[in-house]
Amino acid sequence: MSEAVYDKLEDGTFTGRIPSCKGVLAFGITLRECEDELRSTLEDWILVGLKLSHPLPVIKGIDLNKEPVREPVGAV
């Protein structure tokens, strides 16, 4: 969300996007509403990307493309 870009439209509403995450776009009557909608859109975008094995951008060192490392059950 720190990479989000917001604009105020001519009608007074807001739009937000995250440039590195293509297609993550939201609109809201207030800036707060737009932020909330953008966060929800980003969460859905990530979940769909993970489910469909789409490559996701690495943002601020966070790479969701790595395979999870599983510990053996006996190690717990």
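The values are calculated or read from the model by the stated rules, or taken from the named source; none is laboratory data. As the structure is a computational prediction, the values presented were derived from the model and not from experiment. Virtual Cβ from ideal backbone geometry, glycine too; neighbours counted across all protein chains shown.
Annotations
- Only one of Leu42, Leu47, Leu56, Leu64 that is assigned to a helix (DSSP H, G or I), among the hydrophobic types (A, V, I, L, M, F, W, C) and without any contact (Cβ under 8 Å) to a residue 40 or more places away in the chain: Leu47
- Evaluation of Ser2 against the conditions (1) assigned to a loop (DSSP other than H, G, I, E, B); (2) of a type outside the set (Phe, Trp, Tyr); (3) at pLDDT 90 or above shows that the sole unmet condition is (3).
- So Thr15, is it surrounded by 15 or more Cβ atoms within 10 Å (Cβ to Cβ), free of Cβ contacts under 8 Å to residues at least 40 places away in the same chain and β-branched (Val, Ile, Thr): yes
- Matching entry among Gly28, Gly49 (being of a type in the set (Gly, Ala, Ser) and at pLDDT 95 or above): Gly28
- Scanning region 37-55 for residues that are under 16 Å from Ser2 (Cβ atoms) and either in contact with a helix residue (DSSP H, G or I) (Cβ under 6 Å, 6 or more places away or on another chain) or among the charged types (D, E, K, R) (or both) yields Arg39, Glu43.
- The condition of being surrounded by 14 or more Cβ atoms within 10 Å (Cβ to Cβ), at negative phi, within 16 Å of the chain's Cα centre (by Cα) and of a type outside the set (Asp, Glu) holds for only one of Leu50, Leu64, Leu25, that being Leu25.
- Residue under evaluation Ile59, criteria (1) at pLDDT below 95; (2) more than 12 Å from the chain's Cα centre (by Cα); (3) surrounded by 11 or more Cβ atoms within 10 Å (Cβ to Cβ), criterion not met: (2)
- Single residue of region 26-39 satisfying the filter (assigned to a helix (DSSP H, G or I) and hydrophobic (A, V, I, L, M, F, W, C)) that is nearest to Thr15 (Cα to Cα): Cys34
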